[in-house]
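These notes are about the structure you will find just below.
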Amino acid sequence: MEKYFDLLLNTPLFDRIDREELSSLLGCLQAKLITAEKGEPLFLEGDAAGFIGIVLEGAVQIVRDDYYGTRSVLSHAEPGQLYGEAYACSNLETMPVSGYALKSCKIMLLSCRKMLTVCSNACRFHNQLVKNLLQVVAVKNVELSQKIQFMSQKTTREKLLSYLSAQAVRAGAPEFDIPMDRQQLADFLGVERSAMSATLSRLRDEGVLEFHKSHFRLLRQEEDQEV
């Protein structure tokens with residue numbers, strides 16, 4: 001696990017925790033490594049909850065499939081990012097969502113129960129770890145609120161521009177990459193892929209934006225128009 005220490009120490013979960021303490025801390029949290037190939041499930045709806053995952057390599061997508069097979073993309077995680085923390089902390093017995101590998105993945109799983117309970121070794125950084133976890137959950141809650149804002153827009157055009165505008169603000173520049181392909185973006189925004197692709201082409205023809213695959217550049221402020 002030591003080859004991933006630099007990555008782990010740069011994650012919000014291990015903020016203000018020293019390298020010398022990390023090894024024993026991971027032992028207290030019953031850390032274990034798992035791997036998955038692209039497209040394979042890391043966990044499925046109905047599997048036991050209680051773990052927190054940290055992506056070490058690859059990328060993970062969290063989804064929910066309804067009774068009719070319609071898929072909604074809830075979030076994704078890349079190296080250094082967490083998933084499953086909200087479900088683990090809520091004392092759910094089973095997962096209400098599924099997670100799949102977007103690329104070949106290596107994941108570190110941590111016991112949430114161990115994280116929230118002071119261990120017998122009384123790790124001096126345990127309290128800091130709990131504070132960090134609370135902050136991670138709070139940030140994810142803000143991101144979920146932002147997604148609700150995107151999806152609450154009335155048209156596909158408005159949903160797209162709301163999302164892309166937020167990505168530009170996050171990047172601090174009008175040119176940026178998004179971490180999703182077309183189908184994943186359509187699932188994330190809750191729109192039909194064909195309608196979204198047509199809207200993107202229309203926005204490009206109108207000089208509102210430029211794009212190539214997952215790379216976008218916003219050219220001018222959008223005027224109020226309906227799709």
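Structure above, values below:
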item: Value at 222 nm in deg cm²/dmol, rounded to 500, when DSSP H runs of n ≥ 4 in the chain each add -39,500 (n - 2.57); result: -11500 deg cm²/dmol
item: Loop-exposed GluC sites (Glu not before Pro) per DSSP, neighbour cap 15 Cβ within 10 angstrom, longest uninterrupted part of the chain; result: 94-191
item: Efficiency of FRET from Cβ geometry, S197 and T117, R₀ 41 Å, rounded to 0.05; result: 0.25
item: Inter-label distance for A86 and T35, nm, one decimal - labels placed 7 Å from Cα along Cα-to-Cβ; result: 3.2
item: 3J(HN,Hα) from dihedral phi, segment 125-141, Karplus parametrisation 6.51/-1.76/1.60, rounded to Hz, x for glycine, proline; result: 9, 5, 4, 5, 4, 5, 4, 5, 4, 4, 5, 4, 5, 5, 5, 4, 5
item: Segment N127-S152, extension gain: residue separation times 0.36 nm, minus the distance between their alpha carbons; result: 5.2 nm
item: In sequence order, calculated HN-Hα J values of segment 13-20 (Karplus, 6.51, -1.76, 1.60; Hz; x Gly/Pro); result: 5, 10, 4, 6, 10, 6, 4, 5
item: Size of charge dipole - segment 65-176 - debye, nearest 20, with Cβ of Lys, Arg +1 and Asp, Glu -1, no other charges; result: 220
item: Rounded to whole Hz, the Karplus (6.51, -1.76, 1.60) HN-Hα couplings of segment 152-163, x for glycine and proline; result: 7, 5, 6, 10, 4, 4, 5, 5, 4, 5, 5, 5
item: Exceeding the 30 Å Cα-Cα cut-off - candidates K106/K147; K3/K131; K131/K213; K3/K114; result: K131/K213
item: Of all accessible heavy-atom area on segment 15-83, the percent that carbon and sulfur account for (1.4 Å); result: 44
item: Nearest-20 debye value, the chain charge dipole, Cβ charges on Lys, Arg, Asp, Glu; result: 300
item: Residue-normalised accessible area of the chain, given per residue in Å² at a 1.4 Å probe; result: 55
item: Net length gained if the chain between Q183 and E2 were fully extended (0.36 nm per residue, minus Cα distance); result: 61.6 nm
item: Translational D in µm²/s for segment 1-103 (Stokes-Einstein at 25 °C, 0.890 mPa s, Kirkwood Rh from C-alpha pairs); result: 168
item: Segment 134-185 versus segment 10-72: alpha-carbon centroid distance in Å; result: 22
item: Only Lys, Arg (+1) and Asp, Glu (-1) charged, at Cβ; segment 1-88 dipole about Cα centre in debye; result: 80
item: Estimated FRET transfer efficiency (S214, D47; beta-carbon r; R0 41 Å; 0.05); result: 0.85
item: Answer label, with Rg and Dmax of the Cα atoms in Å calculated from the coordinates and candidates [x] 16.2, 49; [y] 17.0, 53; [z] 19.5, 64; result: [z]
item: Top positive-direction residue, dipole computed over the chain with Cβ charges, set M196, Y87, V169; result: Y87
item: Computed over the chain: relative contact order in percent, which uses C-alpha pairs under 8 Å that are six or more apart; result: 20
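The values are calculated or read from the model by the stated rules, or taken from the named source; none is laboratory data. The structure presented is a predicted model; accordingly, all values stated were derived computationally and were not measured. As a convention, Cβ positions derive from the backbone with ideal geometry for all residues, glycine included, and neighbour counts pool all protein chains shown. Calculation scope for accessible area: heavy atoms of the full protein, side chains included, ligands and nucleic acids excluded. Shrake-Rupley method; radii C 1.70, N 1.55, O 1.52, S 1.80 Å.
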